Number of protein chains: 2
Amino acid sequence: MIGTALRNAGLGVIEAMDGASAIDKARALVPDLILLDLMLPGMSGFDVCRVLKSEKNTAHIPVVFVTARIDEIDRVVGLELGAEDYVIKPFSPRELLLRTQMVLRRRQSAPEALLSDGVMTLDPTRCCAEIKGKTIKLTATEFRLLALLMQNGERAKNREQLLVELWGSVSEVDVRTIDVHIQRLRKKLGRAGNRIECVRGYGYRLTTEPILHK
Amino acid sequence: MIGTALRNAGLGVIEAMDGASAIDKARALVPDLILLDLMLPGMSGFDVCRVLKSEKNTAHIPVVFVTARIDEIDRVVGLELGAEDYVIKPFSPRELLLRTQMVLRRRQSAPEALLSDGVMTLDPTRCCAEIKGKTIKLTATEFRLLALLMQNGERAKNREQLLVELWGSVSEVDVRTIDVHIQRLRKKLGRAGNRIECVRGYGYRLTTEPILHK
DNA sequence: AAGTATTGTGACGTTTTTGTTACAAACTTG
DNA sequence: CAAGTTTGTAACAAAAACGTCACAATACTT
């Protein structure tokens with residue numbers, strides 16, 4: 001029923017009948033969006049999501065959950081899983097279509113603008129930072145880390161948050177790895193590097209005014 | 001009804017009764033999220049959204065539409081307006097809360113919970129206190145201790161309470177350790193330090209008016 | 001397929017934080 | 001005002017958190 005509704009709306013649809021094959025297909029085809037029922041034969045929808053979010057090639061795919069049980073929604077929406085949206089059964093095909101379209105549209109319009117805080121500008125298309133005309137090439141993780149800090153303004157991000165947002169909610173990466181990337185960032189950014197301030201026992205933040213030590 | 005539901009969930013809510021005042025408040029306060037009814041006295045919700053999306057300072061704010069008319073949803077979701085999500089009347093407070101939380105989480109703008117008593121403000125994300133524009137960096141335990149005192153208002157906390165709340169009920173930490181931390185706090189806070197008053201034989205409290213000795 | 005760049009990990013040194021102790025100062029009580 | 005409590009202060013040592021480096025593993029180029 002869902003497949004038909006979406007195809008009629010002009011979307012390309014691939015279906016899977018159980019969790020394992022869903023994962024296989026997602027890996028192979030890397031769709032723009034995944035609709036995931038929580039009640040599946042064998043593997044639960046939660047597990048499928050967890051696996052996909054832990055793999056580099058599929059982690060970015062938005063997942064919309066479909067469920068009949070209202071009490072599961074909290075877990076879906078919570079930080080635990082990277083759910084993008086949800087639909088509760090029974091739902092109209094129209095409702096489902098609207099939500100998928102909304103998610104797809106959000107994703108399209110997302111990766112556009114440069115990110116700037118006045119001093120420093122990040123360019124996602126070139127994966128680099130600009131400071132006073134100077135261009136600094138960054139690696140992918142360095143860039144994303146810096147972008148996360150900048151999006152958060154003056155406030156600090158704790159290591160757990162950063163960990164989840166950089167490597168996904170189920171990654172095996174050590175917390176201290178963040179420190180290393182921070183260090184690499186500081187080195188590359190030169191003088192602007194000490195804008196990255198460490199909040200002891202918590203995480204890191206970007207200060208507008210570089211801290212003057214001693 | 002909506003306002004109450006969200007406030008109960010710990011969100012800060014500002015309300016506006018018509019389109020024009022909504023725009024004014026959005027411009028002035030730049031909220032993290034806007035809930036917008038389509039049926040408003042005077043200006044329509046569409047127009048409010050258009051105005052906000054056309055102005056630099058408010059364009060980035062996610063707008064969640066609230067509507068009773070299903071046939072309006074297409075326009076909301078369509079490219080025409082930059083809607084982030086929608087809720088159709090009648091809806092449960094729970095549904096609304098879930099969707100707002102989801103949007104906020106996507107935007108990574110978790111509303112910051114500052115603790116203030118008018119004179120001093122505590123910022124958990126930076127682990128610091130602000131007094132008259134001056135920022136004072138605190139260590140983790142210092143911060144928690146000060147936060148505990150502030151939460152308790154004018155009343156005094158006894159050492160046993162503080163001990164449990166800082167180190168847990170099974171800790172091996174000496175009671176006198178609190179005194180040391182109090183001392184460190186006083187030193188760091190400077191003049192505001194003597195707002196921390198010792199209640200002999202009991203514990204400590206935060207006075208609004210600094211005590212003038214001698 | 002070899003070479004380069006990127007990334008995660010473990011080890012090590014440094015700095016910061018934290019709890020304890022000892023002693024001085026302040027307060028209480030009789 | 002003197003003895004006993006309670007609190008303030010400073011110094012010290014242990015522990016925790018952080019920065020840095022070198023190296024191995026992986027991914028990416030050419």
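Suppose we filter the range A:56-76 for residues that are at pLDDT below 75 and either more than 14 Å from the chain's Cα centre (by Cα) or on the phi > 0 side of the Ramachandran plot (or both); how many remain?
Summing the residues that are at pLDDT below 75 and either more than 14 Å from the chain's Cα centre (by Cα) or on the phi > 0 side of the Ramachandran plot (or both) in the range A:56-76 gives 8.
Please enumerate the residues belonging to the range B:1-30 that are in a loop (DSSP other than H, G, I, E, B) and either outside the structural domain of B:LYS56 (by TED's automatic domain parsing) or more than 17 Å from the chain's Cα centre (by Cα) (or both).
Matches in the range B:1-30: B:MET1, B:ALA16, B:MET17, B:ASP18.
With respect to the numbered conditions (1) within 13 Å of DNA strand D (Cβ to nearest atom); (2) in contact with a Gly (Cβ under 9 Å, 6 or more places away or on another chain), which one is the sole condition not fulfilled by B:LYS188?
Every listed condition holds for B:LYS188 apart from (2).
Residues of the range B:122-138 being within 11 Å of DNA strand C (Cβ to nearest atom) and over 17 Å from the mean Cα position of the chain (by Cα), which ones?
B:LYS137, B:LEU138
Which pairs have Cβ atoms under 6 Å, sit 6 or more apart or on different chains, and link a residue in the range A:76-95 that is within 11 Å of chain B (Cβ to nearest Cβ) to one that is at pLDDT 80 or above and part of a strand (DSSP E or B)?
A:VAL76/A:PHE65; A:VAL76/A:TYR86; A:ALA83/A:VAL63; A:ALA83/A:PHE65; A:GLU84/A:VAL63; A:GLU84/A:VAL64; A:ASP85/A:VAL64; A:TYR86/A:PHE65
Within the range B:116-133, track down each residue that is buried (at least 18 other Cβ atoms within 10 Å of the Cβ) and in contact (Cβ under 8 Å) with a residue 60 or more places away in the chain.
Of everything in the range B:116-133, those that are buried (at least 18 other Cβ atoms within 10 Å of the Cβ) and in contact (Cβ under 8 Å) with a residue 60 or more places away in the chain turn out to be B:MET120, B:ALA129.
Given the conditions (1) touching a residue at least 12 places away in the same chain (Cβ under 8 Å); (2) farther than 30 Å from A:SER92 by Cα; (3) not polar (S, T, N, Q), report the number of the one that B:VAL48 does not fulfil.
With respect to (1) touching a residue at least 12 places away in the same chain (Cβ under 8 Å); (2) farther than 30 Å from A:SER92 by Cα; (3) not polar (S, T, N, Q), B:VAL48 is out only on (2).
When B:GLU197 is evaluated against the numbered criteria (1) of a type outside the set (Ser, Thr, Tyr); (2) in contact with a helix residue (DSSP H, G or I) (Cβ under 7 Å, 6 or more places away or on another chain); (3) part of a strand (DSSP E or B), which criterion, by number, is the only one it fails?
(2)
Quick check: is even one residue across the range A:154-161 within 16 Å of DNA strand D (Cβ to nearest atom) and more than 24 Å from A:THR208 (Cβ to Cβ)?
Yes, the range A:154-161 has at least one match.
Quick one: A:ARG195 ticks every box in (1) under 22 Å from the mean Cα position of the chain (by Cα); (2) more than 10 Å from DNA strand D (Cβ to nearest atom) bar one, so which box is it?
(1)
Quickly run through the range B:140-181 and pick out the residues that are in a loop (DSSP other than H, G, I, E, B) and within 26 Å of B:THR121 (Cβ to Cβ).
B:ASN152, B:GLY153, B:GLU154, B:ARG155, B:ALA156, listed by residue number.
Looking only at the range A:101-117, which residues are more than 8 Å from chain B (Cβ to nearest Cβ), part of a helix (DSSP H, G or I) and modelled with pLDDT of 70 or more?
Result: A:VAL103, A:LEU104, A:ARG107.
Checking the condition touching a residue at least 12 places away in the same chain (Cβ under 8 Å) and surrounded by fewer than 11 Cβ atoms within 10 Å (Cβ to Cβ), which residue from B:ARG195, B:ARG159, B:ARG191 passes?
Being touching a residue at least 12 places away in the same chain (Cβ under 8 Å) and surrounded by fewer than 11 Cβ atoms within 10 Å (Cβ to Cβ) holds for just one of B:ARG195, B:ARG159, B:ARG191, which is B:ARG191.
Among the residues of the range A:8-43, which ones are crowded, with 16+ Cβ neighbours inside 10 Å, out of contact with any Gly (no Cβ under 7 Å at 6 or more places or on another chain) and farther than 24 Å from A:GLU165 by Cβ?
Within the range A:8-43, A:ALA16, A:ALA22 qualify.
Which residues, counting only those in the range A:1-45, are in contact with a strand residue (DSSP E or B) (Cβ under 6 Å, 6 or more places away or on another chain) and touching a residue at least 40 places away in the same chain (Cβ under 8 Å)?
Correct list: A:LEU35 only.
So that you can scan it fast, the table gives a plain yes or no per residue for (1) touching a residue at least 24 places away in the same chain (Cβ under 8 Å); (2) more than 9 Å from DNA strand C (Cβ to nearest atom); (3) within 27 Å of the chain's Cα centre (by Cα):
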| residue | (1), (2), (3) |
| --- | --- |
| B:ALA140 | no, no, yes |
| B:ARG144 | no, no, yes |
| B:GLU154 | yes, yes, yes |
| B:GLU165 | no, yes, yes |
| B:THR177 | no, no, no |
| B:LYS187 | no, yes, no |
| B:VAL199 | yes, yes, no |
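The values are calculated or read from the model by the stated rules, or taken from the named source; none is laboratory data. Note that the coordinates shown come from a computational prediction; the quantities given were computed from them, not determined experimentally. Backbone-built Cβ (ideal geometry, glycine too); neighbour counts: all protein chains shown.
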